[in-house]
Amino acid sequence: MKAIIETMPDHFAPDEHNLLPDGKRYKAPDHSVLGGSLLIERKSRSDDLSEKVVRRLTKLGLAQGWRGGAYGKHRLDRIMSDFPNLVAANREITDYIFRQMLKRLREANKKFIVFAKHNPAAHSTRVVIVSDHSTQPGGNAADEAFIGRKMGGYSPADDNIPYVDAVILLKHPSYVFDEENSYWLKCLIRGSLSEQNRDKVVHLASKIHNSFALIPEFTQALTKLRMSAFRVTLISS
């Protein structure tokens, strides 16, 4: 991500320097910044997921006897509004979307685990940045709640990604609903981190926020959002 490379000091790319003696490569994160004290792995949601969600939702509705249709970009709640069994469809499509999110977070978690085995002296804070490139309009309050739960925010037994210390969610403000708890950039941090390490994550999020906010199309979109600053949430287990 250009914003990370240009704004963070001492940038290093671990996944370009992870060669083993036998010539093979081990899993390593995308970025190391602040003298190696922050490791960053990037993940993304693509427009392909949006299209899959609409197709899956349409199939669910037709199976219920729905006589409508969905093409292009729509609010999912509007598509489902006249489904015969709205609750069941909403649950299934939400589970599908979150399964894709959890898959990406687990991939990052595994990468941090493997990296630590090959770099036992590294004691870094590990951050995953999820860039949502989809043009499907929506809110992200549910994403925040889901990720918080998978970080053990509701119960330590639910912690699926113990090697992930923080998650930054980023979505183009043009496609973010202007509603409560729906920020275009969110920063979820484990409350167990030291204050110093939490500050480093917030510093990273702030740099990303300021870098993107200067892009003309972002600047224009942000004028339409009441919640245009980024949101920081501490996850306590």
Of the residues Leu204, Leu185, only one is in contact (Cβ under 8 Å) with a residue 60 or more places away in the chain and surrounded by 20 or more Cβ atoms within 10 Å (Cβ to Cβ); which? Leu204
Keeping to the stretch 124-136, report how many residues are surrounded by fewer than 20 Cβ atoms within 10 Å (Cβ to Cβ) and of a type in the set (Val, Ile, Thr). 1
Are any of the residues in the stretch 202-212 of a type outside the set (D, E, K, R) and in contact with an Asp or Glu (Cβ under 9 Å, 6 or more places away or on another chain)? yes
Take Tyr175 and decide whether it is in contact (Cβ under 8 Å) with a residue 24 or more places away in the chain and open to solvent by 50 Å² or more (accessible area, probe 1.4 Å). yes
Which condition does Ile235 not pass, out of (1) open to solvent by 30 Å² or more (accessible area, probe 1.4 Å); (2) within 18 Å of the chain's Cα centre (by Cα), if it passes all the others? (1)
List the number of the failed condition for Glu180; all other conditions in (1) over 18 Å from the mean Cα position of the chain (by Cα); (2) surrounded by 16 or more Cβ atoms within 10 Å (Cβ to Cβ) hold. (2)
Give Val130, Val87 a once-over and let me know the one that is within 21 Å of the chain's Cα centre (by Cα) and either within 20 Å of Gly148 (Cα to Cα) or modelled with pLDDT under 90 (or both). Val130
Taking the residues in the stretch 133-143 that are farther than 27 Å from Ser192 by Cα and touching a Phe, Trp or Tyr at 6+ places or on another chain (Cβ under 9 Å) as candidates, determine which candidate is modelled with the lowest pLDDT. Gln136
The stretch 137-146: number of residues that are in contact with a helix residue (DSSP H, G or I) (Cβ under 7 Å, 6 or more places away or on another chain), assigned to a loop (DSSP other than H, G, I, E, B) and open to solvent by less than 20 Å² (accessible area, probe 1.4 Å): 0
Testing Glu107 on (1) closer than 24 Å to Ser206 by Cα; (2) part of a helix (DSSP H, G or I), one condition comes back false. Which one is that? (1)
Consider only pairs whose beta carbons are under 9 Å apart and that are at least six residues apart or on different chains; among these, list those whose first residue lies in the stretch 94-112 and is closer than 13 Å to Arg42 by Cα and whose second residue is small (Gly, Ala, Ser) and surrounded by fewer than 20 Cβ atoms within 10 Å (Cβ to Cβ). Arg104/Ser44
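The values are calculated or read from the model by the stated rules, or taken from the named source; none is laboratory data. Given the structure is predicted, the values throughout are model-derived calculations rather than measurements. Glycine also receives a Cβ, built like all others from the backbone with ideal geometry; neighbour counts cover every protein chain displayed. Note: areas computed on protein heavy atoms with side chains; ligands, DNA, RNA excluded. Shrake-Rupley method; radii C 1.70, N 1.55, O 1.52, S 1.80 Å.
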